[in-house]
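Colleague: Dropping the structure in here first, questions after.
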Amino acid sequence: MTEQYFYPNIWGRGILTSAEEILGEKGLNALLNLVGLSEYIGNYPPDNIQKVFPFEHVAKLQQGLYDMYGAKGARVFAMRGGEQTFTHSLDKYNKVQKAGRAAMALGSSELRAKLGLQFFSKFFNAVSDQIVRIAEDDNYYYWIIERCPMCWERHSEEPVCHLGIGVLRAAAKWATDKNFRIQEINCTAMGDKACVYAMDKQPLD
Ligand SMILES: [Zn+2]
């Protein structure tokens with residue numbers, strides 16, 4: 001199977017460096033060996049925005065965390081990795097950060113959360129091959145990933161795209177300075193059409 005969809009290097013790198021911080025170098029090397037990605041041992045993707053980190057590799061790293069640490073461990077690691085990757089890439093895409101801040105300068109947290117999600121969905125669609133759209137109802141905003149790297153070619157009985165929760169939490173916090181409850185309610189790995197996250201419109205704090 002040839003690789004056809006990609007994340008920017010910087011996100012692949014962020015997944016690896018945050019995993020190393022949590023698991024240690026030995027733990028990460030074990031993970032990379034387990035999932036057949038030993039090419040990255042001591043050799044992370046460069047810190048640039050070139051779009052060449054394959055979806056297959058994102059999915060294998062998530063699967064490896066699950067295999068090594070179980071559902072709960074994988075969830076914790078992936079959420080932290082998502083937050084770190086998001087925060088680091090804002091530094092890298094500095095112009096994006098400034099444009100985003102300007103767009104969200106005014107309004108309630110609910111409105112800023114919405115503008116933030118809209119803004120970052122466009123950002124994801126522009127810099128990676130992930131496809132995201134936003135929807136909402138009375139209680140929730142929905143982040144709908146129609147082409148998802150985290151569960152690419154995976155199968156599961158429960159939602160597995162925890163990395164996305166970390167990214168969304170960090171994005172919502174960045175846009176509003178508040179915390180929101182976010183859950184993955186549909187997952188392509190479970191046979192659903194898309195990976196869907198529901199974010200409460202009301203912040204937790
Ligand atoms: Zn997914």
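Every number in this text was worked out from the coordinates using simple rules, so none of it is lab data. All values reported here derive from a predicted model rather than from experimental measurement. Heads up, the Cβs are rebuilt from the backbone with ideal geometry, glycines too, and the neighbour counts pull from every protein chain shown.
Colleague: Would you mind computing, in nm to one decimal, how far apart the modelled labels at ASP91 and GLU158 are, each placed 7 Å from Cα along Cα→Cβ?
Modeller: According to this spin-label approximation, the distance is 3.3 nm.
Colleague: Turning to a different aspect of this structure: What is the extension gain from ASP138 to VAL76, computed as 0.36 nm multiplied by their sequence separation minus the C-alpha to C-alpha distance, in nm to one decimal?
Modeller: Values: separation 62, 0.36 × 62 = 22.32 nm, distance 2.91 nm.
Here the segment from ASP138 to VAL76 would lengthen by 19.4 nm.
Colleague: Would you list THR87, THR188, THR176 from fewest to most Cβ contacts within 10 Å?
Modeller: On the way: THR87 17, THR188 24, THR176 21.
Ranked by crowding around the Cβ, least crowded first: THR87, THR176, THR188.
Colleague: Once phi is turned into θ = phi - 60°, what whole-Hz ³J(HN,Hα) does the Karplus curve with 6.51, -1.76 and 1.60 give for every residue of segment 31-38, x standing for Gly and Pro?
Modeller: So the J values, rounded to whole Hz, are 4, 5, 5, 4, 9, x, 10, 5.
Colleague: Right, another one. With just the Cα atoms defining each centre, how far is segment 133-205 from segment 1-64? Give it in Å.
Modeller: 21
Colleague: With a 10 Å cut-off between alpha carbons and a GNM built on the chain, which of GLY82, GLY166, GLY73 moves the most?
Modeller: Sorting by GNM fluctuation, first place goes to GLY73.
Colleague: Something else: State which entries of LYS92/LYS193; LYS26/LYS60; LYS98/LYS201; LYS95/LYS201; LYS60/LYS92; LYS51/LYS193 exceed 22 angstrom in Cα-Cα distance in the structure shown.
Modeller: Values: LYS92/LYS193 32 Å; LYS26/LYS60 18 Å; LYS98/LYS201 24 Å; LYS95/LYS201 27 Å; LYS60/LYS92 25 Å; LYS51/LYS193 25 Å.
In this structure, LYS92/LYS193; LYS98/LYS201; LYS95/LYS201; LYS60/LYS92; LYS51/LYS193 lie more than 22 Å apart at Cα.
Colleague: Please report, in whole Å, how far the alpha carbons of segment 6-200 spread along each principal axis, starting with the longest.
Modeller: 48, 36, 25
Colleague: Residues with amide H under 5 Å of ASN179's amide H, sequence separation 5 or more or different chain, H placed in the peptide plane at 1.01 Å from N; which?
Modeller: Residues meeting the amide H criterion: LEU204, ASP205.
Colleague: To continue, here is another question. If amide hydrogens are placed 1.01 Å from N in the peptide plane, which non-local residues have theirs closer than 5 Å to the one on PHE53?
Modeller: TYR7, ASN9
Colleague: Also, quick follow-up: Go ahead and estimate [θ] at 222 nm for the chain from helices alone: -39,500 (n - 2.57) per DSSP H run with n ≥ 4, summed, over the residue count, rounded to 500.
Modeller: -18500 deg cm²/dmol, from helical runs alone.
Colleague: With each pseudo-label sitting 7 Å past Cα toward Cβ, what's the GLN118-GLU20 distance in nm, one decimal?
Modeller: 3.9
Colleague: Enumerate the amide H contacts of ASN186 below 5 Å, restricted to partners 5 or more residues apart or on another chain; note that Pro and chain-start residues carry no placed amide H.
Modeller: Those qualifying (amide H under 5 Å, at least 5 residues apart or on another chain) are VAL196.
Colleague: Quick one: if the Förster radius is 30 Å, what FRET efficiency do ALA30 and VAL52 give, using the C-beta to C-beta distance and rounding to 0.05? Walk me through the numbers before you get to the answer.
Modeller: Values: r = 25 Å, r/R0 = 0.83.
So the FRET efficiency works out to roughly 0.75.
Colleague: Same structure again: Distance in nm between label sites at GLU39 and LEU204, each 7 Å beyond Cα in the beta-carbon direction?
Modeller: It works out to 3.8 nm between the two label points.
Colleague: Pick out, in residue order, every one of the GluC sites (Glu not before Pro) in segment 113-164 that is DSSP loop and has at most 13 other C-beta atoms within 10 Å; say none if there are none.
Modeller: On the way: sites: GLU136, GLU146, GLU153, GLU157; in loops: GLU153, GLU157.
The qualifying sites are GLU153, GLU157.
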